[in-house]
Amino acid sequence: MSCKREEADLVTDMLKEEAEELFSTIVPEWHNAVKKSFGCDRPNISCLGNLWNHLHWHLIPRYNSPREFYGIKFIDPNPKGNYSPHDKKEIAEEILLKIKEDIIKELR
């Protein structure tokens, strides 16, 4: 998820209204949708900006036990600790789109 303003680069560029929307609306709604769709145990968010110099957030669902969706096993190797570093999993675009559709369906 990224900031709509072109000039927003660092987390310190975030406006009060943007922070309020992120933490009062976006993160709770996303977490509820992911929890309903995939049984997410805990929501994590991260703002790094090291590779893409634009204000953006990573929304990371955490799982205390392995889950399987669309034939792909998701295992969180450190569910009570930092999510990174982690093995990157190549997932087919069609599966990613199905996951996206599942989340969007729960947001409505």
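Restricted to segment 14-42, and to residues that are aliphatic (A, V, I, L, M) and surrounded by 14 or more Cβ atoms within 10 Å (Cβ to Cβ), which residue is farthest from Phe69 (Cα to Cα)?
Filtering segment 14-42 for residues that are aliphatic (A, V, I, L, M) and surrounded by 14 or more Cβ atoms within 10 Å (Cβ to Cβ), the one farthest from Phe69 (Cα to Cα) comes out as Met14.
Residues in segment 1-38 that are under 23 Å from Lys98 (Cβ atoms), within 14 Å of the chain's Cα centre (by Cα) and at pLDDT 90 or above: Ile26, Val27, Glu29, Trp30, His31, Asn32, Ala33, Val34, Lys35, Ser37, Phe38.
Scanning segment 78-108 for residues that are within 17 Å of the chain's Cα centre (by Cα), part of a loop (DSSP other than H, G, I, E, B) and surrounded by 10 or more Cβ atoms within 10 Å (Cβ to Cβ) gives Asn78, Pro79, Tyr83, Ser84, His86, Ile91.
The residue of segment 43-67 that is farthest from Met14 (Cα to Cα), among those that are modelled with pLDDT under 85 and loosely packed, with under 12 Cβ neighbours inside 10 Å, is Leu51.
The values are calculated or read from the model by the stated rules, or taken from the named source; none is laboratory data. Fair warning: this is a prediction, and the values are worked out from it, not measured in the lab. FYI the Cβ positions are ideal-geometry reconstructions off the backbone, even for glycines, and counts take in every protein chain you see.
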